[in-house]
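What follows is calculated from the coordinates using simple rules that are stated; it is not laboratory data. Keep in mind that this is a model prediction, so the values were computed, not measured. Quick reminder, even Gly has a Cβ in these numbers, built from the backbone with ideal geometry, and neighbours come from all protein chains shown.
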Amino acid sequence: MTTDLTVDVSPEVQRRLYELMTLMKAADDRLSKGIASGELVCVYWPSRGQEAIAAAAGVCLREDDRLVTTYRGLHDLIGKGVPLVEIYGEMLGRQVGAARGKGGTMHIARPESGVMLSTGIVGSGPPVAVGLAMAARRLGLDRVTVASFGDGATNTGSFHEAANMAALWDLPVVLVCQNNQYGEMTPTEHTMKIAHVADRAAGYGMPGVRVDGNDPIALVVALTDAVERARSGGGPTLLECVTFRLRGHYFGDPMAYMPEGQLAAASAADPVPRFRARLLEAGNFGELDLDEIERASAAAVEEALATVLAAPATALDELDRDVYADPRNCPA
Amino acid sequence: MTMTQALNLALDQALAHDERVFLLGEDIADPGASGPTAKLSTKYGVDRVLDTPISEAAIVGAAIGAAMEGFRPVAEIMIMDFIGIAADQIVNHAAKLRFMTGGRTTAPITVRVQVYGGLGTGATHSQSLEAWFMHVPGLKVIVPSTPRDGKGLLTSAIFDDDPCIFVETIRLRGQRGLVPTDPAFAIPLGQADVKRPGTDVTLISYGRAVLDALGAAATLEQEGISAEVLDLRTLVPLDVEAIVESVRRTRRAVVVHDAVRFAGPGAEIASILHSELFGVLEAPVERLGARFVPNPGPSALESQVYPSADRVIAAVQRTLAPATVRAGAHG
């Protein structure tokens, strides 16, 4: 799909996309730098390289729309409006985290932003998205549920069950596959016979759309269609967003499984500098405008990190809370 | 009324009194429904009693998603052996959401499962897997033995704020008993019930095996042995207080259940009793459960797998035997 910046989205949306993408990138960069140097201690599954998809979701979804994402969700959480303090706080085990620091990197939820679940289990999000969409319909609300997952998830039975159910009941769901070309350490072409994840949609009787996952404008166009279709009762769409995972499966992954040259080629197609170049070319923004956006993103990240590092660590008595609604139900 | 009618009553009243309640599962709507959900789709509509594809993971996952939004879904897993397909959603999402999100999201779902053991259905359609779920922090596990308990406990499960695994037993479907029809009638989770008082030994049980315990107690009475039958009713929360109180009086205990004996619920109960009442017990706690074998098809073999009243009696006699005779005995 070729997109035309000036036709497809307004300058305001272009700016918002760049703000979000640079914030996501800065959040990942700062975390990565801190973990690498030993300044920060946490586990992390990096989203670097996949920012365009989450930024597009950020501009296409309403606050009350629902998101189910995965452990590789830093970018998705930012896109959906989860404050960075709550994200970093959770990753670094501080009381300002989304779950007061007790849930950890993989499990961040914030219903006020519509983020209902980050799952640590590949393929397990879509069934929950089906239930969220069923709830919206029962409540008479026109909100949409986006399930975000990777290419590997589409090989699970859980994905298949949920896709079939969502299509069967015409549920207001958008299945957003962030095809980053690897399922953990294994390239996608080693795990599925078909070349395009989007082709799986035909088996469920829903539209399957393949889009450049590094092109935020193309993503906004495709997501807008899918979200409107879902919101208006037209049922689910499987949107395959082709991107790349620039930092491997987990932070520190030596990526020994990657063929020579692949990472360099993917880095050359990094969606963030690529979008900057396009914005400059289109002429609505100058170098200084975009520099300012990047500076603001980096400053927001530093401010959030400082707040988190100044916050108290997760309290030990959190072990006694939230196992059951009533702690007296806990076996000794 | 029968157990089936009692469970139907609980579902019917929950649907009638609370718009948040809906049921989903395989073949639960009319005309395909034959168990506790029969006639409910006709009464409440197929929007509230939903037939689903054969997709256990999505059934439970969808229940979780709806529960997060404030609904009280009751998911049915037709036969407990199928719960493996849904175990990821139960174990990794339902059980843990409250903790992982600091209470920001919760999954107050009820998962009704049915145990087909004893009916010749073989190894993959007969298992009592409740111990699996006792082992996962965040879940409640409920196993009624009477129609009254079935109604009262299912009502509590549906409106409980934690995810509940509600284990029904096909062989108890025809059990009859008095059941209060007041919609408010509910039995709190975590309260064991003395089904028969006694003074010489406590038979600790739940679910179908309560019948074995009661049968054994009736026979033992004729031999002058007074057996108390304690029905746990819920395995999590476990009514430790009631268990310890009873055995402190009787000083002997036999735990009996249809789940596999090895590493079964009885192991935890026996361990608690040995810790709490070491100096009080007259004999080691006896444990009876299913043999450690995949359930066979032929009834002649299957009947050897499960506990029975006779086996309970033999276990009681072991607890009553002098220590010298008891040495080496194994249940």
Top-ranked residue of the range B:1-30 - restricted to ones that are of a type in the set (Asp, Glu) and part of a loop (DSSP other than H, G, I, E, B), ranked as farthest from B:Ala67 (Cα to Cα): B:Asp30
How many residues are surrounded by fewer than 18 Cβ atoms within 10 Å (Cβ to Cβ), more than 22 Å from A:Leu139 (Cβ to Cβ) and either of a type in the set (D, E, K, R) or within 14 Å of another protein chain (Cβ to nearest Cβ) (or both) if we restrict to the range B:1-42? 3
Which residue is nearest to the chain's Cα centre (by Cα), if the candidates are limited to the range B:84-104 and must be of a type outside the set (Gly, Ala, Ser) and buried (at least 23 other Cβ atoms within 10 Å of the Cβ)? B:Ile90
Among B:Ile204, B:Ile243, which is the only one that is closer than 15 Å to B:Val285 by Cβ, within 14 Å of chain A (Cβ to nearest Cβ) and in contact (Cβ under 8 Å) with a residue 40 or more places away in the chain? B:Ile243
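Quick check, is A:Arg94 crowded, with 24+ Cβ neighbours inside 10 Å and of a type in the set (D, E, K, R)? Don't jump to the end; show me each part of the working.
On the way: crowded, with 24+ Cβ neighbours inside 10 Å: no; of a type in the set (D, E, K, R): yes.
So A:Arg94 fails the test.
Kindly indicate which of B:Asp149, B:Asp212 is away from chain A (no Cβ under 14 Å), in a helix (DSSP H, G or I) and touching a helix residue (DSSP H, G or I) at 6+ places or on another chain (Cβ under 6 Å).
Criteria check complete, one pass: B:Asp212.
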Within the range A:282-332, of all residues that are of a type in the set (D, E, K, R) and in a loop (DSSP other than H, G, I, E, B), the one farthest from the chain's Cα centre (by Cα) is A:Asp326
Please determine, by comparing only the residues of the range A:101-113 that are in contact with a helix residue (DSSP H, G or I) (Cβ under 6 Å, 6 or more places away or on another chain) and within 7 Å of another protein chain (Cβ to nearest Cβ), which one is nearest to A:Arg66 (Cα to Cα). A:His107
With over 22 Å from A:Tyr182 (Cβ atoms), touching a Leu at 6+ places or on another chain (Cβ under 6 Å) and either in a helix (DSSP H, G or I) or among the charged types (D, E, K, R) (or both) as the only criterion, which of A:Ala133, A:Ala56, A:Ala129 stands out? A:Ala133
Quick check: anything in the range B:120-134 aliphatic (A, V, I, L, M), in a loop (DSSP other than H, G, I, E, B) and touching a Phe, Trp or Tyr at 6+ places or on another chain (Cβ under 9 Å)? no
Please state which one of A:Arg138, A:Arg72 is free of Cβ contacts under 8 Å to residues at least 40 places away in the same chain and among the basic types (Lys, Arg). A:Arg138
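Considering only residues that are among the charged types (D, E, K, R) and in a loop (DSSP other than H, G, I, E, B), which ones fall in the range A:25-52?
Listed by number, the residues that qualify are A:Glu39, A:Arg48.
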Taking the conditions exactly as written (in contact with a strand residue (DSSP E or B) (Cβ under 9 Å, 6 or more places away or on another chain) and surrounded by fewer than 21 Cβ atoms within 10 Å (Cβ to Cβ)), does A:Arg62 satisfy them or not? no
Of (1) more than 17 Å from B:Phe99 (Cα to Cα); (2) within 13 Å of chain B (Cβ to nearest Cβ); (3) surrounded by fewer than 24 Cβ atoms within 10 Å (Cβ to Cβ); (4) touching a helix residue (DSSP H, G or I) at 6+ places or on another chain (Cβ under 9 Å), A:Pro127 satisfies all except one. Which? (3)
Name the residues in the range B:114-138 that are under 13 Å from the mean Cα position of the chain (by Cα), over 20 Å from B:Pro296 (Cα atoms) and surrounded by 23 or more Cβ atoms within 10 Å (Cβ to Cβ), would you? B:Phe133
Pairs only if they're at least six apart or on different chains, beta carbon under 8 angstrom, first in the range B:160-174 and farther than 17 Å from B:Ser126 by Cβ, second part of a helix (DSSP H, G or I) and among the hydroxyl-bearing types (Ser, Thr, Tyr); list them, first residue then second. B:Gly174/B:Thr4
